[in-house]
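The values are calculated or read from the model by the stated rules, or taken from the named source; none is laboratory data. Just so we're clear, the structure is a prediction, and the values are computed from it rather than from any experiment. Note that each Cβ is placed from the backbone with ideal geometry, even for glycine, and that neighbours are counted across all protein chains shown. Remember, those area values only see protein heavy atoms, side chains included, never the ligands or the DNA or RNA. Shrake-Rupley method; radii C 1.70, N 1.55, O 1.52, S 1.80 Å.
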Amino acid sequence: MDDSSCRFILICSGKGGVGKTTLTANLGVALAKLDCKTAVLDADFGLRNLDLMLGLENRIVYTAQDLLSGSCRLEQALVKHKQEPRLSLMPAGNPRMLEWLKTDHMKEIATLLAPRFDYVLIDAPAGVEAGFRNAAAAAGEAIVVANPEISSVRDADRVIGLLNARGIQPLQLVLNRVRPTMVAHQQMLSVEDVLDILALPLVGMVCEDEQVIMSANRGEPLTLNDGGSPAAVEYACIARRLQGEAVPLPDLDSQNQGLLSRLGRLMNTRIL
Amino acid sequence: MAIRELLERLFGRQPATAAMARQRLRLVLAHDRSDLNPELVERMRREILAVVSKYVELEDGHGEVNLETEDRTTALVANLPIRRVRSSL
């Protein structure tokens, strides 16, 4: 926090199940691959999952809680990723000790991490209550994750309002789990619709990709291997955009240039 | 009406739901962002109509007072068609 070279990015959404933890894990790996020293911090102390996404669940000995109580040193609490040693996980505390974490604890952890890392990604819990407020305490900027789905957009709007009130800047949007065919048939909110409503700059747009679930099953984030799955490619692009590179956003129309989508556009011609 | 809607009506298919989501979101977000509940807006609407009606005669049943939102700014928008100015003034 005080070390200005370390970026503390809160990954949040309001609604659960939109892909926060998946984004945190994949972005963490992608940033590490770009040679950035990155820590991912599981701020969901009630329901922790970031360890599972990264395949590190069996290597956790100490947690953030042990670190703050002085039972271990920082190096012991940080779990280094085997394949990507520039990436470390700071595991959440014990789920049975929900009360211990306060905003001051979060700031303390941030102060310890700041001199060692280029990026700290904070995986916020769902909701807008105490857990979210604690997670936001150390954030310098935020990525709001939303699905093009009515309740997710509403909850994202609420979170944006809260982040604005705290003066957290910049706020950027990742639109996740987009289904291009449904958008083409006007059965799903389009990127433009969501941007129009939430009025945030878009830093990434990830299409629904079943590889995401398969990679979670394996405990290997998609960005770990140089596979060409569409979600993996876009996660890597988001990391480069965070690094200030001008990487164009994926073009939904290019994935929909078949006869069907041209027919779809024809169907929207106004006749009355 | 777009070609799509015509065909949808002819063949009884599900209409495009994205537009419904857009419209419902706009309304609900205008309320969320301003922290005004619909009941309060309705009370405001009635009072505004009462005040305006003291000076001008309004078209019956056409007085609209709504919350609208654009670029994260919420505005109270009133659309009150005037039939005539009250002659007693």
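With a 1.4 Å probe and every protein chain left in place, work out the accessible area per residue of the stretch B:36-89 in Å², rounded to a whole number.
Dividing the accessible area of the stretch B:36-89 by its residue count gives 76 Å².
Can you give the local net charge around A:ARG177? Use residues other than it whose beta-carbon is closer than 9 angstrom to its beta-carbon, Lys and Arg +1, Asp and Glu -1. All intermediate terms of the calculation are to be shown ahead of the outcome.
Numbers: positive: A:ARG179; negative: A:GLU149, A:GLU208, A:ASP209.
Every neighbour counted, the sum reads -2.
For peptide B:62-75, how many partner chain Cβ atoms fall within 10 Å of a residue's Cβ, on average?
Numbers: counts 0, 0, 0, 0, 0, 0, 0, 3, 3, 3, 8, 1, 0, 0.
Averaged over the peptide's residues, the number is 1.
Using mean Cβ contacts within 10 Å as the protection proxy, how do A:184-190, A:104-110, A:24-30, B:56-62 order, highest first? Kindly include the intermediate steps, with their values, before the conclusion.
On the way: A:184-190: 20.6, A:104-110: 18.6, A:24-30: 29.1, B:56-62: 11.1.
Top of the packing list down: A:24-30, A:184-190, A:104-110, B:56-62.
Which residues of the stretch B:29-57 show a drop of at least 10 Å² in accessible area when all protein chains are present, compared with their chain alone (probe radius 1.4 Å, heavy atoms only, ligands and nucleic acids excluded)?
Hits at the 10 Å² cut-off: B:LEU29, B:ASP32, B:ARG33.
Using a 1.4 Å probe on protein heavy atoms, which residues of the stretch A:195-238 have at least 30 Å² less accessible area in the complex than alone?
Buried by the other chains: A:ASP196, A:ILE197, A:ALA199.
Give me the inter-chain shielding for B:16-25: mean count of other chain Cβ atoms within 10 Å, whole number please. If you can, show how the numbers build up before the last one.
On the way: counts 6, 7, 11, 4, 1, 11, 8, 0, 2, 11.
Shielding by partners across B:16-25 averages 6.
For the interface of chains A and B, what total accessible area is buried with a 1.4 Å probe, rounded to the nearest 100 Å²?
Its buried surface, counting both partners, is about 2300 Å².
Of all accessible surface on the protein assembly as shown at a 1.4 Å probe, what whole percent is carbon and sulfur?
Numbers: 9620 of 18520 Å².
Carbon-and-sulfur percentage of accessible area, whole number: 52.
Under 10 Å, Cα contacts only: if you run a Gaussian network model on chain A, which one of A:ILE122, A:ILE197, A:ILE238 comes out with the highest mean-square fluctuation?
In this elastic network of chain A, the residue with the biggest mean-square fluctuation among A:ILE122, A:ILE197, A:ILE238 is A:ILE197.
Can you give the local net charge around A:ASN164? Use residues other than it whose beta-carbon is closer than 13 angstrom to its beta-carbon, Lys and Arg +1, Asp and Glu -1.
Summing Lys/Arg as +1 and Asp/Glu as -1 gives +1.
Suppose we compare each residue of the stretch A:137-180 in its chain alone and in the full protein complex with a 1.4 Å probe; which ones drop by at least 40 Å² of accessible area?
Correct list: A:ILE150, A:ARG154, A:ASP157.
Which lysines, on any chain, are close to A:LYS33 with Cα under 21 Å apart, when same-chain ones fewer than 8 places away are left out?
Of all the lysines, those that pass the test against A:LYS33 - Cα under 21 Å, at least 8 places apart if same chain - are A:LYS20, A:LYS80, A:LYS82.
Give me the one-decimal nm value for the distance between modelled label points at B:LEU6 and A:ALA130, 7 Å along each residue's Cα-to-Cβ direction.
6.1
Kindly state, to the nearest 0.05, the FRET efficiency for B:LEU80 paired with A:ALA246, given R0 = 41 Å and r defined as their beta-carbon distance.
Values: r = 49 Å, r/R0 = 1.19.
Step by step, r from the Cβ atoms, then E = 0.25.
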